[in-house]
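Heads up, the thing below is written out as structure tokens.
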Amino acid sequence: MRTAIPTFLAVLAGVARSQPIDLIVEKFTCGTYVNTTVNWDPLDMDLKDPKVLSKVSALYINQEVGGSAYTFFCFAHGPNGESYNREAFDFEHPLRLSTGNNVVVQYIECLTE
């Protein structure tokens with residue numbers, strides 16, 4: 001039991017040192033694509049910002065070199081609560097939701113490795 005407590009505390013300390021990531025939300029407006037960058041720590045909570053997520057055509061994650069120590073796998077959920085993507089989007093794989101139109105994203109949740 002004594003070894004379990006330090007291990008648990010080490011895990012908590014690692015979570016506390018999580019670095020925010022940049023989520024790039026792309027929307028199609030007036031015949032062109034416009035990006036909005038949201039600095040967000042996916043370990044803290046799901047992203048539920050209707051101002052940013054009400055019109056989305058694609059989602060990208062940008063991470064600085066030496067940034068977060070975690071690898072994130074994210075899912076975008078529609079108004080009905082179902083995931084738009086069966087496979088997660090991450091740093092290397094953006095999520096294209098629509099071409100020439102926008103969809104509503106209710107929230108984005110991320111899992112970590």
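The values are calculated or read from the model by the stated rules, or taken from the named source; none is laboratory data. Note that the structure is predicted; figures quoted are calculated from it, not measured. Virtual Cβ from ideal backbone geometry, glycine too; neighbours counted across all protein chains shown. All accessible areas refer to the heavy atoms of the entire protein, side chains included, with ligands and DNA or RNA removed. Shrake-Rupley method; radii C 1.70, N 1.55, O 1.52, S 1.80 Å.
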Counting only protein heavy atoms and a 1.4 Å probe, tell me what percentage of segment 69-113's accessible area is made up of carbon and sulfur.
46
What percentages, rounded to whole numbers, describe P(r) for segment 18-113 computed over all alpha carbon pairs with 5 Å bin width beginning at zero?
3, 14, 27, 27, 17, 8, 3, 0
So for the pair residue 19, residue 103, with labels modelled 7 Å out along Cα→Cβ, what separation do we get in nm?
3.1
